[in-house]
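The values are calculated or read from the model by the stated rules, or taken from the named source; none is laboratory data. As the structure is a computational prediction, the values presented were derived from the model and not from experiment. Don't worry about glycine lacking a Cβ; one is built from the backbone with ideal geometry, like all the others, and counts go over all protein chains shown. Remember, those area values only see protein heavy atoms, side chains included, never the ligands or the DNA or RNA. Shrake-Rupley method; radii C 1.70, N 1.55, O 1.52, S 1.80 Å.
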Amino acid sequence: MLKLTKKVEYGLIALNHMRSSSHLKSLHSAKEISERYSLPKETLAKILQLMVRFNYIHAVKGANGGYYIDKSIENVNLMDFIEKIEGPIGLADCNIDLECSLIEQCNIRKPIKSINNNVKELFKNTPLTDLFN
């Protein structure tokens, strides 16, 4: 089954939470977001740090610190976000890793590759902002 990982889901939930704030640069803590959406705080904190590393959000350190988002997120597509947070998208192992033990005798590699490319193209053409309220 094709589905988003928890890391990607939690990242998108956090981004949507920050974007829905009345003031775009309002600070939000991992605790606040995790409690609001019943997400594991430690996991969310790691995802938020990863999103800072890729400049999807910004961090302010200190007792009154937190995370905020700015308008630069409007230039990010779903494909880039997923691959930065989780890694390459592939419906089958051979779409990501050529070390598949079945690659020589596989009779579905070509159609799966075509489907995989279509999914990736769809994600490339989907701005992250299309997922938010």
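Under the combined filter of DSSP loop state and at most 15 neighbouring Cβ atoms within 10 Å, the stretch 32-133 retains these trypsin sites (Lys or Arg not before Pro): Lys61.
Probing with 1.4 Å while keeping every protein chain in the model, the per residue accessible area of the chain equals 64 Å².
Calculated mean residue ellipticity, 222 nm, the chain: -13500 deg cm²/dmol, from DSSP H runs (n ≥ 4) at -39500 (n - 2.57) each, averaged per residue and rounded to 500. Accessible area per residue was computed with a 1.4 Å probe on protein heavy atoms; Thr126 scores about 30 Å². Working note: Cα atoms of the chain, range along each principal axis, descending, whole Å: 58, 27, 23. On the chain, 49 percent of the accessible area sits on carbon and sulfur atoms, based on a 1.4 Å probe.
For the chain, calculate the relative contact order in percent as a whole number, restricting contacts to Cα pairs under 8 Å that are 6 or more residues apart.
Result for the chain is 25 percent.
The listed residues Glu9, Glu121 rank as Glu121, Glu9 when sorted by accessible area, largest first, using a 1.4 Å probe.
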